[in-house]
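The structure under discussion appears below in the form of structure tokens.
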Amino acid sequence: MNQIATDATTGSAQATLFADWRDYFALLKPRVMTLVIFTAACAMAVAPGKLHPMLAFTGILCIAVAAGAAGALNQWYEADIDALMKRTAQRPLPAGKLAAGEALAFGVTLGTGSVAMIGLALNWVAAFWLAVSILFYVVVYTVWLKRRTPQNIVIGGAAGAFPVICGWAAVSGDTPLFAWMLFGIIFLWTPPHFWALALFMEADYAKAGVPMLPVTHGLPETRRQILLYSCLLVPLTIAPTLLGMADWAYGGTAITLGAMFMWMAIKVSRSTATAPSQMVAEKQLFKFSLLYLACLFGALVADRLLLP
Amino acid sequence: MNSDPANWTDAERTAFYARRESRNRALGILLFALVALFFGITVVRMTDQINAAPKPVAAPTVPAQ
């Protein structure tokens, strides 16, 4: 365990008396949760089969709570590096609003509770993948990879992609090729998305000693890797249409959005900016990548549900 | 902030009570929502099982001789 978290356990016992419910809510990383909920809900809408609205709500709730639990456990383990970065220094643990033990207990309770609940209310295939998603994020990404390799984001991207598998399994009870294609889309989308952010937050990661690609291999190599992953991502988004799993309404959207994504990735790869204030293309790609994923999954749902 | 509650100032005591109240309210709402959710899930699952159960077939009536 890390130093700050240990200090928080011993030194902020009285501070936690003043903890608000908002501090516990902040442990769940609600902004990250939004994307997880959205992609999982889209997978549930696209998956074959019918689910009672109450059970569908329970499934989404469990996936959201599991993502929150993983976020809480991540913050529990990373309190020391969170304290060093401007972006994360105000999180409840580094700010001394909560004790480390409380965050750990909160994360473990929510994690086990969400897995048990989705298993009992829906099915145990979804529960299995939900447990895998939590363990992958906490053990593989946070504890094992994040501080050891610049490929942390690539492998950690799987953690953000598992909720799609959980959502699909919650409805159909299995995980066919189409579900794994959606998994692959989020998996390949994660590196360009996070590395675009890491390019203009590089100084923060360097200060915290996190081996993000811009810190270990420099800005030009990161830009090259962004372009490489974008080249892999865009064909995969079109593949469901080519394989007859989705209609051309989705295919057309994927091609249009993919062309825009590639154009921005090329702009980033040609950029030579070194100061964060000059990194216009990088910031543009980061913001667009969020819209890209939302529109892509939205188009998939529309393609399946709205069109004949 | 004093570590000993006996040494708290009025402002600290007020802040402590306000935060504790907000935590308790949030916990109460959460527990009530969980009870409602479990009840809803139970009703839906039981209804599914009742609908899936084979319907009793009426015994064939024997025509009067």
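One residue alone among B:47, B:9 is surrounded by 10 or more Cβ atoms within 10 Å (Cβ to Cβ), more than 8 Å from chain A (Cβ to nearest Cβ), of a type in the set (Ser, Thr, Tyr) and in contact with a His (Cβ under 9 Å, 6 or more places away or on another chain), and that residue is B:47. On inspection, residue A:1 fails the criterion of being away from chain B (no Cβ under 14 Å), crowded, with 17+ Cβ neighbours inside 10 Å, at pLDDT below 95 and outside any helix (DSSP H, G or I). The residues in the range A:154-168 that are crowded, with 24+ Cβ neighbours inside 10 Å and either of a type in the set (Val, Ile, Thr) or not assigned by TED's automatic domain parsing to the domain that holds residue A:61 (or both) can be counted, and the count is 2. Taken together, A:289, A:277 contain a single residue that is surrounded by fewer than 19 Cβ atoms within 10 Å (Cβ to Cβ) and either closer than 20 Å to residue A:202 by Cα or not assigned by TED's automatic domain parsing to the domain that holds residue A:201 (or both), which is A:277.
Scan the range A:24-56 for residues that are crowded, with 21+ Cβ neighbours inside 10 Å, within 13 Å of chain B (Cβ to nearest Cβ) and either at pLDDT below 90 or outside any helix (DSSP H, G or I) (or both) and the total you get is 1. A single entry from B:7, B:24 fulfils the requirement of being over 13 Å from the mean Cα position of the chain (by Cα), closer than 30 Å to residue A:57 by Cβ and polar (S, T, N, Q): B:24. Can you find a residue that is within 23 Å of residue A:51 (Cβ to Cβ), of a type outside the set (Asp, Glu) and crowded, with 20+ Cβ neighbours inside 10 Å anywhere in the range A:133-142? Yes.
Residues that are under 18 Å from residue A:183 (Cβ atoms) and of a type in the set (Ser, Thr, Tyr) within the range A:106-144 comprise A:133, A:137, A:141, listed in sequence order.
For the range A:94-112, filtered to residues that are within 28 Å of residue B:36 (Cα to Cα) and out of contact with any helix residue (DSSP H, G or I) (no Cβ under 7 Å at 6 or more places or on another chain), the residue that is farthest from the other protein chains (Cβ to nearest Cβ) is A:108. Could we say that residue A:90 is under 30 Å from residue A:207 (Cβ atoms), of a type outside the set (A, V, I, L, M, F, W, C), free of Cβ contacts under 8 Å to residues at least 60 places away in the same chain and surrounded by 23 or more Cβ atoms within 10 Å (Cβ to Cβ) here? Against the criterion (under 30 Å from residue A:207 (Cβ atoms), of a type outside the set (A, V, I, L, M, F, W, C), free of Cβ contacts under 8 Å to residues at least 60 places away in the same chain and surrounded by 23 or more Cβ atoms within 10 Å (Cβ to Cβ)), residue A:90 does not qualify.
Would a scan of the range B:39-54 turn up a residue that is assigned to a loop (DSSP other than H, G, I, E, B) and within 30 Å of residue A:121 (Cα to Cα)? Yes; the residues of the range B:39-54 include at least one that is assigned to a loop (DSSP other than H, G, I, E, B) and within 30 Å of residue A:121 (Cα to Cα). Of all residues in the range A:57-85, those satisfying the criterion of being more than 18 Å from residue A:32 (Cα to Cα) and within 14 Å of chain B (Cβ to nearest Cβ) are A:57, A:58. In this structure, is residue B:30 more than 8 Å from chain A (Cβ to nearest Cβ), closer than 16 Å to residue A:61 by Cβ and within 10 Å of the chain's Cα centre (by Cα)? It is true that residue B:30 is more than 8 Å from chain A (Cβ to nearest Cβ), closer than 16 Å to residue A:61 by Cβ and within 10 Å of the chain's Cα centre (by Cα).
Please indicate, with yes or no, whether at least one residue in the range A:9-22 is assigned to a helix (DSSP H, G or I), modelled with pLDDT of 90 or more and of a type in the set (A, V, I, L, M, F, W, C). So far as the range A:9-22 goes, no, none of its residues is assigned to a helix (DSSP H, G or I), modelled with pLDDT of 90 or more and of a type in the set (A, V, I, L, M, F, W, C). Against the condition surrounded by 11 or more Cβ atoms within 10 Å (Cβ to Cβ), more than 22 Å from residue A:25 (Cα to Cα) and without any contact (Cβ under 8 Å) to a residue 40 or more places away in the chain, how does residue B:41 come out, does it pass? For residue B:41, the condition - surrounded by 11 or more Cβ atoms within 10 Å (Cβ to Cβ), more than 22 Å from residue A:25 (Cα to Cα) and without any contact (Cβ under 8 Å) to a residue 40 or more places away in the chain - is met. Suppose the filter is in contact (Cβ under 8 Å) with a residue 40 or more places away in the chain and surrounded by fewer than 16 Cβ atoms within 10 Å (Cβ to Cβ); does residue A:246 pass it? Considered against the rule, which asks whether it is in contact (Cβ under 8 Å) with a residue 40 or more places away in the chain and surrounded by fewer than 16 Cβ atoms within 10 Å (Cβ to Cβ), residue A:246 comes out as no.
Among the residues making up the range A:279-301, those that are of a type in the set (A, V, I, L, M, F, W, C) and under 15 Å from residue A:182 (Cβ atoms) are A:293, A:294, A:295, A:296, A:297, A:299, A:300, A:301.
The values are calculated or read from the model by the stated rules, or taken from the named source; none is laboratory data. What you are looking at is a predicted structure, and each value in this text was computed from that prediction instead of being measured. Glycine gets a Cβ as well: all are built from the backbone with ideal geometry, and neighbour counts include every protein chain shown.
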